Amino acid sequence: MINNIRNRFNNFKRKKVEPSQLKQLVDELLSESTPDATYLILIVGSCAIATFGLLANSTAVIIGAMIIAPLMLPIRGLAFGALSGNVNLFRQGAIAVLLGTFLALLISCSIGWVVNLPSFGNEVLSRSKPTLLDLGIAIAAGSISGYAKVNSKISASVAGTAIAVALMPPICVIGLGLTKSDWSLSLGATLLYLTNLLGISLACMLTFLFIGYSPIDRARKALLWALALTGALLIPLTVSFTQLVRQAQLETHLKRALLNRTLTFQRLELLKTDTNWLTNPPEVRLSVRAQSAVTPKQVSLLEAFLQKEMGQYFSLIFEVSQVKEVKG
């Protein structure tokens, strides 16, 4: 069995593609990594759509920006250039990614400054707390993109749609955070962007290596760098993931305490809860249906109860839909 594993590993090390296939791939990636007019137009369009979608808190509009996927093309070129030691391809990809990122930041900052909303919705806030789950998504999407590039049976649009899921929106959130001087928001979105950039790059490199487009001896140094940079992100991502799990547990406990242990909720129908953990204290918005109004005194008593019950203060905001009985 050990000999069989050793033979498979040796075959993997010797695995390579035809020179003509390699040249075709390099030429295509070099063309895709060139920041020409088409690339810049796609950056502008994608960024504008994503920024307006974030400001409007519209998931459908943001998905529209994701489909355009302009940043994915140079990221693949950058990844393969690093893997194969092609300095020109790596440099072209890096320039295109940096230029596209800077342009998107400039556009999102400008739009955010002109619109000047007093606060942001969940679509913006949700992109400021990346976790290990986001890294997993980026790696899976990067693998699909790399495989789609070398497999003609898979449409390139499939890879673009899958990858763009997290590339442009975080950049736009960085820009929107800068317009409000919200450094926490911008730093969180920056971490998400770097997570996806490195996760996608690493996955593309591993896919190209596995298929045989670069010998493992040549790729070892680039892979170690990619693994080291991605590994450095594991610390903040793990902390965020731990916080996410704890917040989910607290939300469950909070909802159970309100529904089962308070008199107020015996006459209310809870429709939806939404907790904003970025505020201090955390802000809990409760949508309820009731026959009579909820008074400020009742809200204060509920906040005091939760602080005693859970050892943490929550700011409660009720959205009450009143129900009235009408008889003929």
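The values are calculated or read from the model by the stated rules, or taken from the named source; none is laboratory data. These numbers come from a predicted model, not from an experiment. Quick reminder, even Gly has a Cβ in these numbers, built from the backbone with ideal geometry, and neighbours come from all protein chains shown. Note: accessible area is taken over every heavy atom of the protein model, side chains too, but ligands, DNA and RNA are not part of it. Shrake-Rupley method; radii C 1.70, N 1.55, O 1.52, S 1.80 Å.
General observations
Listed here are the residues, each with its yes/no results for (1) touching a residue at least 40 places away in the same chain (Cβ under 8 Å); (2) farther than 9 Å from Gly93 by Cβ; (3) not aliphatic (A, V, I, L, M).
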site: Val26; (1), (2), (3): yes, yes, no
site: Thr34; (1), (2), (3): yes, yes, yes
site: Ile49; (1), (2), (3): no, yes, no
site: Ile62; (1), (2), (3): yes, yes, no
site: Gly81; (1), (2), (3): yes, no, yes
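- Residue within segment 12-19 that is in a helix (DSSP H, G or I), of a type outside the set (Asp, Glu), open to solvent by 10 Å² or more (accessible area, probe 1.4 Å) and at pLDDT 80 or above present: no
- Total residues in segment 199-229, condition under 26 Å from the mean Cα position of the chain (by Cα), open to solvent by less than 80 Å² (accessible area, probe 1.4 Å), under 14 Å from Ser143 (Cβ atoms) and not aromatic (Phe, Trp, Tyr): 10
- Verdict on Leu25 being surrounded by fewer than 23 Cβ atoms within 10 Å (Cβ to Cβ), under 21 Å from Ser145 (Cα atoms) and at pLDDT below 85: yes
- Any hit, segment 134-147, residues being over 17 Å from Leu206 (Cβ atoms) and touching a helix residue (DSSP H, G or I) at 6+ places or on another chain (Cβ under 7 Å): yes
- The one condition from (1) in a helix (DSSP H, G or I); (2) at pLDDT below 90; (3) under 21 Å from Ala50 (Cα atoms) that Cys172 does not meet is (2).
- Segment 172-190, residues that are surrounded by fewer than 20 Cβ atoms within 10 Å (Cβ to Cβ) and under 11 Å from the mean Cα position of the chain (by Cα): Thr190
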